[in-house]
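Enquirer: Shown below is the structure under consideration.
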Amino acid sequence: MAITNVLVANRGEIARRVFATCRRMGIGTTAVYSDADASAPHVAEADAAVRLPGNTPAETYLRGELIIEAALSAGADAIHPGYGFLSENAEFARSVLDAGLVWIGPPVAAIEQMGSKVESKKMMDAAGVPVLAELDPAEVTEAHLPVLIKASAGGGGRGMRVVRELGDLNDQIAAAQREAESAFGDPTVFCERYLETGRHIEVQVMSDTFGKTWAVGERECSIQRRHQKVVEEAPSPLVEKIDALRAQGPEAVAERSHAGSANSADGQSTRDRLFEAARLAAEAIGYEGAGTVEFLADEKGDFFFLEMNTRLQVEHPVTEQTTGLDLVRLQLQVASGLPLPATQPALRGHSIEVRLYAEDPAQDWQPQSGPVHKIEIPFTAGEFTVLDQPGVRLDTGVVDGSVVGVHYDPMLAKVISYAETRAEAAHLLATALQRAKLHGLVTNRDLLVRVLRHPAFLAGDTDTAFFATHDLAALSAPLVSEADEALSIVAAALADSAANHAANRFGGLAPSGWRNLASEPQRKSYESRVSGTHEVRYRFDRSGAVTVEGHDGLELISATPHRVVLAVPGERGPVRRQFEIARYDDLVAVDSPLGPVAVRRLPRFTDPSEQVAAGSLLAPMPGSVIRLGAAEGDHVEQGQPILWLEAMKMEHTIVAPATGVLSALNVTVGQQVEVGTVLAVVEEEEQEQA
């Protein structure tokens, strides 16, 4: 049947992505939204939008009956689930069909068969697909360690835990069950052997209702944090490398791996074997639509089935870029009963996607919430569309002025590069990210740029232990040097000075009036999240020239409230540097080719009432207190969990900053707290003795 109006049972970036293809096909669109998302871009872009009362996923995007009612009331005739939430919920898919709506996804039976990761592995084993053995959590012993706990009903890193000590198993299982219940409505978890340095390789499949299945291409998604993908690319550098060695002969493969390949077949490339295994998996369950078969591979090219995601993946754009296909368009066509095209497209070029998160990698990946004042990615050639030429594609769920809340995943955008070679794609993406204007929230941008420029990444050595191997602290370090940050802060001070003078009726940077003696230097103070307090002391003479203490030879070329040009002394003479400055209350963002800098203006005088006691544990984000680990008056050790917050579908542990006594505990289980709330106070032992 012809689809005329699609409701996307999701939010943010994926809702906007589906809507973009619908518009190109002349299909109407319907959005659903929680109260927290009332002003979200996906709501504004839809032809119609229906409110789901509440904020949390359990109240809104996980309420299948409300979503179906929304589709019927808005006149939609099809539902696209996106990814996450109800996208792999067989009961929801069945209810959609029972309501007379088109389900833009695989058959209900296929979702059910792949929905249990335990049962799906047994089925894949029977179909001849290599698998890793599943472990019953109750039967795990020391000999099995380390093990990985996984949520049976979902993905995206939710409900995942690595356990290396048997004594931690029960607590970690309980935490994984809580996360799985919160994210997917199903607390079922299981265990499997954990490979410390595996490679995460997956194959995109597309099947129609006429028995044809394409293995569209493979992706590598090995660089992960908390078992959630951060960098994804197509084709896989591991597959490319091994198949290049195979082309040189068996000796080259043996020299690299020092061992034979356990599941290789003579004469077949690794890519061919992966594609064959993915097709076997899809055909074994009568699959229809878009899906992804995920494997864990080792350096020899042996691979093992992990799971099948019966939905569109977050990282689908890299496959679109390297095939020229619009996978959402194919989903809509298959759901309408149309066959796949007669010819599968050949692979082309290389594409890399990074997930830009509102989070602080240097602080244990702490998620951030608050306003996105500005998001601008240079070199962007298109949004939510397949590029025909090298460039940057942007798929984002936020725009300037959006607010990132605490109820959902903190991903801001997917930034995707496409080029003829992997090296070009990495260079283009790193440069675009470095020069991006990202104002308002701390993000993982600096980490992403450093990963893309890291020698190990450029060599294709990207296993799942990348962050553990390559010093997360160094990868998370700011892109700007201390000297360049200081120069950027000088530019901020001069721009602030220009803004102050522009606000009065005289204008100009030079001080008004004649002085017999040199004036005292003007002072402006800023707080850097990384390097602390900076005081800029500067003085203008009667000609308007500026002298900045600590920056000998610095020359001011021009200054406006939003742009400063400085001539900086260099070994071969002065070099001009341009800085763009934006202000949002006390936040000052400085962008230049040297790198991004964000600081906060400090007031001349501080309010004593705003100071907090030493040893205070402040809420790092808005969230809900779900557990307490100590009581007021308890003696606690440094690093001991005091309480747990739930925010953005993840649990976050708040630990004692020092050994001492928990002198105050200001929260209770179930309490909602705002960022900066004093949760508890630990008095250190030295203070007690004093």
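The values are calculated or read from the model by the stated rules, or taken from the named source; none is laboratory data. Note that the coordinates shown come from a computational prediction; the quantities given were computed from them, not determined experimentally. Because the Cβ atoms are built from the backbone with ideal geometry, glycine has one as well, and the counts that use them run over all protein chains shown. Only protein heavy atoms, including side chains, enter the accessible area calculation; ligands, DNA and RNA are left aside. Shrake-Rupley method; radii C 1.70, N 1.55, O 1.52, S 1.80 Å.
Enquirer: In the stretch 176-212, which residue that is surrounded by 19 or more Cβ atoms within 10 Å (Cβ to Cβ) and of a type in the set (A, V, I, L, M) is farthest from GLN331 (Cα to Cα)?
Expert: ALA176
Enquirer: Which residues, counting only those in the stretch 421-464, are of a type in the set (Gly, Ala, Ser) and open to solvent by less than 20 Å² (accessible area, probe 1.4 Å)?
Expert: ALA425, ALA426, ALA430, ALA432, ALA436, ALA456, GLY460
Enquirer: Checking GLY401 against (1) open to solvent by 40 Å² or more (accessible area, probe 1.4 Å); (2) in a loop (DSSP other than H, G, I, E, B); (3) more than 24 Å from ALA589 (Cα to Cα), which test does it fail?
Expert: GLY401 satisfies all of (1) open to solvent by 40 Å² or more (accessible area, probe 1.4 Å); (2) in a loop (DSSP other than H, G, I, E, B); (3) more than 24 Å from ALA589 (Cα to Cα) except (3).
Enquirer: Mind listing just one residue for me: the one in the stretch 50-106 that is over 28 Å from the mean Cα position of the chain (by Cα) and in a loop (DSSP other than H, G, I, E, B) and, of those, surrounded by the most Cβ atoms within 10 Å (Cβ to Cβ)?
Expert: ALA76
Enquirer: Which one of these is part of a loop (DSSP other than H, G, I, E, B), free of Cβ contacts under 8 Å to residues at least 24 places away in the same chain and either under 24 Å from ALA58 (Cα atoms) or open to solvent by less than 50 Å² (accessible area, probe 1.4 Å) (or both): GLY670, GLY639, GLY676?
Expert: Numbers: GLY670 fails: free of Cβ contacts under 8 Å to residues at least 24 places away in the same chain; GLY676 fails: free of Cβ contacts under 8 Å to residues at least 24 places away in the same chain.
Just a single option satisfies the conditions, and that option is GLY639.
Enquirer: Report every pair of residues separated by at least 6 positions or lying on different chains whose Cβ atoms are under 7 Å apart, first residue within the stretch 564-583 and polar (S, T, N, Q), second part of a loop (DSSP other than H, G, I, E, B).
Expert: GLN578/SER592
Enquirer: Same structure, new question: Exactly one condition in (1) over 25 Å from ALA430 (Cβ atoms); (2) modelled with pLDDT of 95 or more; (3) among the β-branched types (Val, Ile, Thr) is not met by ILE581; state its number.
Expert: Status for ILE581: all satisfied but (1).
Enquirer: Shifting gears a bit: For the stretch 339-352, indicate whether the set of residues that are open to solvent by 40 Å² or more (accessible area, probe 1.4 Å), in a loop (DSSP other than H, G, I, E, B) and touching a strand residue (DSSP E or B) at 6+ places or on another chain (Cβ under 7 Å) is non-empty.
Expert: The answer is yes, given that some residue of the stretch 339-352 is open to solvent by 40 Å² or more (accessible area, probe 1.4 Å), in a loop (DSSP other than H, G, I, E, B) and touching a strand residue (DSSP E or B) at 6+ places or on another chain (Cβ under 7 Å).
Enquirer: Turning to a different aspect of this structure: The conditions are (1) surrounded by fewer than 21 Cβ atoms within 10 Å (Cβ to Cβ); (2) under 21 Å from GLU315 (Cβ atoms); (3) under 19 Å from the mean Cα position of the chain (by Cα); (4) β-branched (Val, Ile, Thr), and THR396 fails exactly one of them. Which is it?
Expert: It fails just one condition, (1).
Enquirer: Which residues, counting only those in the stretch 534-585, are touching a Ser or Thr at 6+ places or on another chain (Cβ under 9 Å), among the acidic types (Asp, Glu) and more than 20 Å from VAL599 (Cβ to Cβ)?
Expert: Answer for the stretch 534-585, where residues must be touching a Ser or Thr at 6+ places or on another chain (Cβ under 9 Å), among the acidic types (Asp, Glu) and more than 20 Å from VAL599 (Cβ to Cβ): just ASP541.
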